[in-house]
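Note sheet for the following structure.
The values are calculated or read from the model by the stated rules, or taken from the named source; none is laboratory data. Bear in mind that the values here come from a model prediction, so they are computed numbers and not experimental data. Here the Cβ is made from the backbone with ideal geometry for all residues, glycine too, and neighbour counts use every protein chain on show. The accessibility values were calculated without ligands, DNA or RNA, using every heavy atom of the protein model including side chains. Shrake-Rupley method; radii C 1.70, N 1.55, O 1.52, S 1.80 Å.
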Amino acid sequence: MSTIEQTNQYIMPTYGRSDLVIHDGSGATCHDEAGRTYIDFGSGIGTTSLGYCNAAWADAVCAQVRTVQHTSNLFYHAPQAQLAERLCSMAGYAKLFFGNSGAEANECAIKLARKYSFDKYGKGRSTILTLVNSFHGRTIATLSATGQDVFHNYFFPFVEDFRFVRANDIADLHEKLDDTVCAVMIEYVQGEGGVMALDKDFVQEIRRVCDERDILMIADEVQTGIGRTGYLFAGEHFGIRADVTTAAKGLGGGLPIGVCLASEKCADVLGKGAHGSTFGGNPVVCAGALAVLDTLAAPGMLESIREKSRTLRERLAAVDEVEAVSGLGLMVGISLKTKKAPDVLKSCLDKGLLVLTAKDRVRLLPPLTITPEELQRGADILCNVLEG
Ligand SMILES: Cc1ncc(COP(=O)(O)O)c(C=O)c1O
């Protein structure tokens, strides 16, 4: 049986997959089982931030596998402690919690916000405002937090007390804010929702009202974080630091990790027994994440991401078929005049380029380490498809 046949026979059909079996990769380039080459502008949906099998990352992961692969969180280990210290100090947070995915990081943020409010104000302050068109994950709580009706089917009952505000609508924000609200949770750039960056004045107004009312501002940086937009966290574009920031995807460089970072005022809300995860902060995953952060902290790295973003965006904006280029940094959305995003994805695949879609847009999340040559080769294919 082929890999595709085995997959289709034995794995629940929850994904819309392309007919490509990825066999191996290096940098932003991968090969299928027949040895055909592809430039990858998707990075496993923003996870392989250093590309395929980055040498420093692979060395760190392999060395850790051979030292100790798991300890449980009933003991201590150095990679977890070092990663926590590094992340908190780089991002300006007091403490963090480790999980294994973006959804888990957001679950932690939701629990933290509700308990922060309960501890200070008692019952009746459990509402979390999120945005229409948001995406926060696939668990029941994070689906409930997701502001898209299409996700609110079948799995009833959903978790109560999420309320959805129209993105960039300050009047709607004020209307939905009442004394039951304990948190406002946003993505600075709605990724799955179509690569839409929020307006600066809207984000700043959220920060202001959260401060005014002692409501926690939660930034879901699962997709935007860890260098993706050209800064460690996308909040920097808005001059904002949320009280709680979640990250996942690119942090692990391709291994499963999720993190919920908390500022001083809410760092100790989740005490002993209030939360946990068997695999959270696993040594191998933490060793890989430390290699990712080392790479991002290297002089000029974040600037090089911004530079590559400018090059790619200028190139795309010059294509006639392109209506608009959205997003920030190397999180790129492309709206099209006449073509359909799934058709563009298919044509790119046929020509040796992997791209993503989000809503009706083509979406690009190339590895942060992509070389200018790989970027150009990929852009050549994409522009060729768009112009064809
Ligand atoms: C903004 C955002 N939050 C949460 C998630 C869920 O992350 P995971 O699939 O790792 O649970 C995603 C995934 O795409 C995301 O983009």
Subset of region 171-187 (residues that are within 16 Å of the ligand (Cβ to nearest atom) and either in a loop (DSSP other than H, G, I, E, B) or without any contact (Cβ under 8 Å) to a residue 60 or more places away in the chain (or both)):
184, 186, 187
Tell me which of these residue 176 doesn't satisfy, since it passes every other one: (1) under 15 Å from residue 215 (Cβ atoms); (2) in contact with a Ser or Thr (Cβ under 8 Å, 6 or more places away or on another chain).
(2)
Output yes when any residue across region 244-255 is open to solvent by 20 Å² or more (accessible area, probe 1.4 Å) and away from the ligand (no atom under 14 Å from the Cβ), and no when none is.
no
Evaluate the following for residue 49: is it in contact (Cβ under 8 Å) with a residue 12 or more places away in the chain and in contact with a Phe, Trp or Tyr (Cβ under 6 Å, 6 or more places away or on another chain)?
no
Right, residue 212: within 15 Å of the ligand (Cβ to nearest atom) and either crowded, with 18+ Cβ neighbours inside 10 Å or at pLDDT 95 or above (or both) or not?
no
Qualifying positions in region 114-145 - open to solvent by 50 Å² or more (accessible area, probe 1.4 Å) and away from the ligand (no atom under 13 Å from the Cβ)
114, 115, 118, 119, 120, 121, 123, 124, 132
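Here is a yes/no grid of residues against (1) under 26 Å from residue 252 (Cβ atoms); (2) of a type outside the set (A, V, I, L, M):
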| residue | (1), (2) |
| --- | --- |
| 147 | no, yes |
| 150 | no, no |
| 188 | yes, yes |
| 197 | yes, no |
| 202 | no, yes |
| 206 | no, no |
Kindly evaluate residue 277 against the criterion of being of a type in the set (Gly, Ala, Ser) and surrounded by fewer than 20 Cβ atoms within 10 Å (Cβ to Cβ).
yes
Can you find a residue that is open to solvent by less than 10 Å² (accessible area, probe 1.4 Å), touching a strand residue (DSSP E or B) at 6+ places or on another chain (Cβ under 7 Å) and within 10 Å of the ligand (Cβ to nearest atom) anywhere in region 223-234?
yes
Just wondering, is there one or more residues in region 156-170 that are more than 18 Å from residue 246 (Cβ to Cβ) and part of a helix (DSSP H, G or I)?
yes
Just a yes or no: is a residue in region 73-82 more than 16 Å from the ligand (Cβ to nearest atom) and open to solvent by less than 30 Å² (accessible area, probe 1.4 Å)?
yes
Within region 315-332, work out how many residues are open to solvent by 50 Å² or more (accessible area, probe 1.4 Å) and outside any strand (DSSP E or B).
4
Restricting region 188-203 to residues that are more than 11 Å from the ligand (Cβ to nearest atom) and open to solvent by less than 60 Å² (accessible area, probe 1.4 Å), the one farthest from residue 173 (Cα to Cα) turns out to be 194
Count of residues meeting criterion [open to solvent by less than 10 Å² (accessible area, probe 1.4 Å) and either part of a loop (DSSP other than H, G, I, E, B) or more than 12 Å from residue 41 (Cβ to Cβ) (or both)] in region 360-377:
5
Report, ordered by the first and then the second residue, all pairs with beta carbons closer than 9 Å, sequence separation of six or more or different chains, a first member in region 246-274 that is acidic (Asp, Glu), and a second member that is open to solvent by less than 10 Å² (accessible area, probe 1.4 Å) and within 16 Å of the ligand (Cβ to nearest atom).
none
For region 296-314, the count of residues that are open to solvent by less than 20 Å² (accessible area, probe 1.4 Å) and of a type in the set (A, V, I, L, M, F, W, C) equals 3
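Matching residues to (1) more than 20 Å from the chain's Cα centre (by Cα); (2) of a type outside the set (Val, Ile, Thr):
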residue	(1), (2)
294	no, yes
313	yes, yes
322	yes, no
326	no, yes
335	yes, yes
356	no, yes
369	no, no
Here the residues within region 83-113 that are of a type in the set (S, T, N, Q) and within 16 Å of the ligand (Cβ to nearest atom) are 100, 101, 106
Whichever residue in region 336-359 is in contact with a Ser or Thr (Cβ under 7 Å, 6 or more places away or on another chain) and in contact (Cβ under 8 Å) with a residue 24 or more places away in the chain and, among such residues, is surrounded by the most Cβ atoms within 10 Å (Cβ to Cβ)
345
